[in-house]
1. If I ask for residues that are surrounded by 10 or more Cβ atoms within 10 Å (Cβ to Cβ) and either of a type in the set (A, V, I, L, M, F, W, C) or over 29 Å from the mean Cα position of the chain (by Cα) (or both), which ones from segment 103-116 would you list?
2. Considering only segment 43-59, state which residues are farther than 25 Å from residue 72 by Cβ, assigned to a helix (DSSP H, G or I) and either hydroxyl-bearing (Ser, Thr, Tyr) or at pLDDT below 70 (or both).
3. Pairs please, first residue from segment 72-92 and without any contact (Cβ under 8 Å) to a residue 60 or more places away in the chain, second anywhere and of a type in the set (Phe, Trp, Tyr), Cβ atoms under 6 Å, 6+ apart in sequence or on different chains.
4. Quick one: is residue 120 more than 29 Å from residue 34 (Cα to Cα), out of contact with any helix residue (DSSP H, G or I) (no Cβ under 6 Å at 6 or more places or on another chain), part of a helix (DSSP H, G or I) and touching a residue at least 24 places away in the same chain (Cβ under 8 Å)?
5. From the list 171, 167, 131, pick out the single residue that is surrounded by 10 or more Cβ atoms within 10 Å (Cβ to Cβ), at pLDDT 90 or above and among the charged types (D, E, K, R).
Amino acid sequence: MPITQDLRKTVVDLTETKPVYAVAGVGDLAVHTMRQAGEKLRALRVEPKELQDRATERVEAVRTAVAELPDTAQSRAHELVEQVEETYDELAARGQKLIQRIRREPAVKDATHQVSVAEAKAKAAGTTARKQATQVRTSAKATGTQARTSAARTRTAAKAAGTSARKAAEKTVTAVEVAAEQVGA
């Protein structure tokens, strides 16, 4: 907020405070009193010079009060700030005592203990789950390795069986050819 706006706001705030109203009330009372004094003077038939002197004194008193208005308002503002700070500190101390008293309550202590126990159990369950996951992963790797090894052996055995069958078939063909030549020859 620009300083001019801040200053205007402060002036508005100060002019809407009780001390300002009080000073304005003093001025209004002075005017009212002077009017009454004029009426009384007329009734008493006082010398105009004396009346003028009294009026001048009253006007000077009002001018002094108005001149002191900023200082009075500032002083009151400082007092109010101090009262707010004191009240705030008192409330903070009261709240601190309340929280300390609540923390000492058996139900709160029991609930705190239950939370600690639940937290420990959750941590233990997490550790167990991690260990089991590691075991499952290790077992799965081992099973995969065994399956690959078994597949390789089966492939090798199938190749060997195929080679043996081919050789046996070739020998059979050769033997049939030889037998056919001997029979038909």
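1. Residues of segment 103-116 that are surrounded by 10 or more Cβ atoms within 10 Å (Cβ to Cβ), as a first pass: 103, 105, 108-116.
Answer for segment 103-116, where residues must be surrounded by 10 or more Cβ atoms within 10 Å (Cβ to Cβ) and either of a type in the set (A, V, I, L, M, F, W, C) or over 29 Å from the mean Cα position of the chain (by Cα) (or both): 108, 111, 115.
2. Result: 44, 51.
3. none
4. no
5. Values: 171 fails: at pLDDT 90 or above; 167 fails: at pLDDT 90 or above.
After applying the criteria, what remains is 131.
The values are calculated or read from the model by the stated rules, or taken from the named source; none is laboratory data. Since the structure is predicted, the reported quantities are computational estimates derived from the model, not experimental observations. Cβ sites come from the backbone with ideal geometry, for glycine too, and all protein chains shown count toward neighbours.
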